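> Submitted below is the structure of interest, expressed as structure tokens.
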Amino acid sequence: MKVERAKLLAELLREMKETGGDRFPEEAWYEIHRCFAIPYVEVVLPVQEGGEWRVFLVRRDPADPHWPGEPWHIPGGIWRVSQSREEACNAIATREIDVAVRQVREVMSYKWTDHAYANAISHVCVCETSARPVESERARFQPVTRLPSNLLLHHREFIEACVPWFTP
């Protein structure tokens with residue numbers, strides 16, 4: 001990159017910070033996420049039923065071009081700089097599955113090298129909620145021993161790492 005272009009980039013980044021805070025312009029979102037490490041939280045919600053552990057999974061949107069085939073995944077999203085770990089998990093759980101989180105235990109972090117659109121660092125958290133999430137065709141508790149074959153990349157390993165942290 002030439003010096004003039006680097007200076008322009010620096011100017012634009014300063015402007016973005018001053019005008020948008022921790023929000024990225026939608027038109028630049030994917031390119032920013034490809035360049036900078038962005039923290040995400042993955043909200044693992046376990047429940048024990050019938051003698052087996054289950055975790056709550058949701059389906060990706062059928063229109064999502066980055067994850068075709070509507071794979072199942074752990075609810076997750078961006079951990080905003082202004083949020084604590086608990087606030088980030090609660091924001092994701094509230095937005096994606098309409099429940100509040102009351103307890104959070106971070107189990108692991110994972111630096112993605114093969115994410116579809118981001119330079120993501122996932123913070124995988126086992127969470128307890130104040131209410132049971134509503135199940136549907138696109139969101140439901142799945143047995144840990146029989147997870148869907150079309151589970152999003154690395155989410156199987158995330159769940160396996162969490163199992164020792166589940167408490168009845």
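The values are calculated or read from the model by the stated rules, or taken from the named source; none is laboratory data. Quantities reported herein were computed from a predicted structural model and do not represent experimental measurements. Using ideal geometry, Cβ is built from the backbone for each residue, glycine included, and neighbour counts are taken over all protein chains shown. These area figures cover heavy atoms from the full protein model, side chains too; ligands, DNA and RNA do not enter into them. Shrake-Rupley method; radii C 1.70, N 1.55, O 1.52, S 1.80 Å.
> Since ASP64 meets every condition but one in (1) modelled with pLDDT of 95 or more; (2) open to solvent by less than 60 Å² (accessible area, probe 1.4 Å), which condition does it not meet?
Against the list (1) modelled with pLDDT of 95 or more; (2) open to solvent by less than 60 Å² (accessible area, probe 1.4 Å), ASP64 comes up short only on (1).
> Also, quick follow-up: May I ask you to list pairs of residues, at least six apart or on different chains, whose Cβ atoms are under 8 Å apart, with the first in the stretch 3-29 being within 18 Å of SER82 (Cα to Cα) and the second being among the aromatic types (Phe, Trp, Tyr)?
MET16/PHE24
Okay, residues lined up against (1) on the phi > 0 side of the Ramachandran plot; (2) assigned to a loop (DSSP other than H, G, I, E, B); (3) at pLDDT 90 or above:
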{"residue": "GLU70", "(1), (2), (3)": "yes, yes, yes"}
{"residue": "GLU86", "(1), (2), (3)": "no, no, yes"}
{"residue": "CYS89", "(1), (2), (3)": "no, no, yes"}
{"residue": "THR94", "(1), (2), (3)": "no, no, yes"}
{"residue": "VAL99", "(1), (2), (3)": "no, yes, yes"}
{"residue": "GLN103", "(1), (2), (3)": "no, no, yes"}
{"residue": "ASP114", "(1), (2), (3)": "no, yes, yes"}
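> Go through (1) open to solvent by 70 Å² or more (accessible area, probe 1.4 Å); (2) under 10 Å from VAL41 (Cβ atoms) and name the single condition ASP98 misses.
Checking ASP98 against (1) open to solvent by 70 Å² or more (accessible area, probe 1.4 Å); (2) under 10 Å from VAL41 (Cβ atoms), the one that fails is (2).
> Go through the residues of the stretch 38-55 one by one and say whether even a single one is polar (S, T, N, Q), within 30 Å of GLU135 (Cα to Cα), open to solvent by 50 Å² or more (accessible area, probe 1.4 Å) and not in a loop (DSSP other than H, G, I, E, B).
Yes, because at least one residue in the stretch 38-55 is polar (S, T, N, Q), within 30 Å of GLU135 (Cα to Cα), open to solvent by 50 Å² or more (accessible area, probe 1.4 Å) and not in a loop (DSSP other than H, G, I, E, B).
> What are the pairs with Cβ atoms under 9 angstrom where one residue, in the stretch 126-148, is closer than 13 Å to TRP72 by Cα and the other, located anywhere, is part of a strand (DSSP E or B) and among the polar types (S, T, N, Q)? Sequence gap at least six, or different chains.
Note: pairs meeting the criteria are PRO148/GLN142.
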